1. With each pseudo-label sitting 7 Å past Cα toward Cβ, what's the Asn430-Gln165 distance in nm, one decimal?
2. State the Kirkwood hydrodynamic radius of the stretch 341-462 in Å, one decimal place, computed from all pairs of distinct Cα atoms.
3. What is the ratio of the Cα radius of gyration of the stretch 167-299 to 2.2 N^0.38 Å, where N is its residue count, to two decimals?
4. Please report, in cubic angstrom per residue, the volume enclosed by the convex hull of the alpha-carbon atoms of the stretch 5-447.
5. Divide, for the stretch 262-356, the radius of gyration over alpha carbons by 2.2 N^0.38 Å, where N is the residue count.
6. Can you work out ³J(HN,Hα) from phi for every residue in the stretch 546-561, in order, using Karplus 6.51 cos²θ - 1.76 cosθ + 1.60 and θ = phi - 60°, giving whole Hz and x for Gly and Pro?
7. At 7 Å along the Cα-to-beta-carbon direction for both Met518 and Gln472, put a label point, then send me their distance in nm to one decimal.
8. Over all directions, the average projected area of the alpha-carbon convex hull for the stretch 397-494 comes to how many nm²?
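Values in this text are rule-based calculations from the coordinates and carry no lab data. None of these values were measured; they are calculated from a predicted model. With ideal geometry, Cβ positions are generated from the backbone for all residues, glycine too; neighbour counts draw on all protein chains shown.
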Amino acid sequence: MTPYPQFSHLMHSSEIKINMTPPPLALCFFLSFLLCAAAGGGKWDLLLSNAGISAMHMQLLHTDRVVMFDRTAFGNSNISLPNAKCLHDPDDPASRLDCTAHSVEYDVASNSVRPLTVLSNIWCSSGAVLPDGTLAQTGGNGKGDHAVRLYKACTDNYSSSCDWQEIINGLTQTRWYATSQILPDGRQIIIGGRSQFNYEFYPKHSPTDGSYNLPFLQQTFDHADTDNNLYPFVFLNTDGNLFIFANNRAILFDYKNSKLIRTYPALPGGDPRNYPSTGSAVLLPLKSNAAAAEVLLCGGAIKGACDRARKGDFVRALDTCGRIRINDPNPQWVMETMPLARVMGDMLLLPNGNVLIINGAGTGTAAWELGRSPVLSPVLYYPDNQPGSRFEVQNPTATPRMYHSAAVLLRDGRVLVGGSNPHEFYNFTNVLFPTDLTLQSFSPPYLDPRFDNLQPKILSPVSGSKIGYGQQIPVRFSVDPGQLVQSTIMVTMIAPAFATHSFSMNQRLLVLERGDVMPVGGSAYQIMATTPGSGNLAPAGYYLMFVVHKDIPSEGIWIHIN
């Protein structure tokens, strides 16, 4: 069944796959426009023409504010530091004085940004939100490579505590291009990074808590092919172990005992999918049968593409996706073909359980100046459709989002998109892809006004409610009684992600078990929903809860799992 019958005429992957030599840039723009104009779906809006910085990293907090940052060594940004501060960049040999900010907080409600103060270089770092809602951001470059930076979510813009707090030596190893994953005990594990074949935790149990070897990262390191195992894809499995994918291979890892549980088959084709051959990956929605956890991995670049791009040969990106049920007795990758080849794409879980693939390039790789042929059209992926009918091309943007772009889901169901700076410094003129300081929103088809009469509204619980594990909670919502189809109602919970370099760390969607839909008067209804049973399914912290009807989600509310 097509989730949106009104879009059943749209083109799917089997209809638009083109095998051809990559066209020149101008022709690529034209082809992208033709493909997407024929497909339709989704709406783009410009939110800010100048956010002050190029949003390389993004994290939505439970205050409905998005923390963004780029790199202190980019040179002057377009927004001044708060309180007329000026800082000496510790990573600049000339000790350059910089009076501009390299981090901002975007307020969704007011559509405005305010500058934040970050001292150490946060370039190509990682992060996770702790159970109390504090963003714990780790690593970076130069004198920031051992740093931990804490941002406590707040609404008082003028408080001195409403800014970054830094612990310069919070890590035991350098963490540049590492991945963070929040754990059931509330800590985050930080895995890998350039020349680091190990992992560590934050917060630490004791001052002597160090790092632990992870041979898999050494085994997947390919120095001859420019790394290709940086920013590994890491997911917390439903059994409490970690699924880790690097280069073209994956393992299931018991981080508590430093024990290899399982080695998965290599991804068919053998091409790398991690930085700089940057694909993306998601843990597909976890349903009542939590053991059936599946990972979907899409896009990337062929082996050797980075070195070829450095010589001016920008080869076509990969157009394949691999999907694997990681807890099966004999797990195997199942391959699919996307309608558009894509490297540096971002994959986001939407409230209705579908996947959005957005941003990126059609040729080349990640890294400075190495991507070409912007892919302007997002693609929706429907996990529950039959193979061959899972992809749907959406309306294009006119704004290329190349290297150092990011995207996050907002509470109202829109996707916030920003970034794109493939240069060593901010560069706005005489370059193929100028540094981009804009913020856009992409509204998936479920936000089309034609579906307003299908959209539910959550009446209770109220936003900010606290819940426990394995509880039955009443969820009340309203919807047009003449449109209600009870069998299509579902309740979902999403953990907002830390997004950077085409990977949304800690992204997680759960479909809650639910009882019958009961009328409670007028257009109001109630269902009993069962919360996740443990921290293995849903680590403690803040989640967005949605009620979905006929694939149309409500606005989300914030809930807090203790």
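1. Computed distance between label sites Asn430 and Gln165 equals 4.6 nm.
2. Radius from the Kirkwood sum: 15.8 Å.
3. For the stretch 167-299, the normalised Cα radius of gyration is 1.04.
4. Hull volume normalised by residue count: 145 Å³.
5. Working: Rg = 14.6 Å, N = 95, 2.2 N^0.38 = 12.4 Å.
Cα-based Rg divided by the globular estimate yields 1.17.
6. 3J(HN,Hα) across the stretch 546-561, in whole Hz: 10, 9, 10, 10, 6, 6, 9, x, 5, 5, x, 10, 8, 10, 10, 7.
7. About 0.9 nm, to one decimal.
8. 9.9
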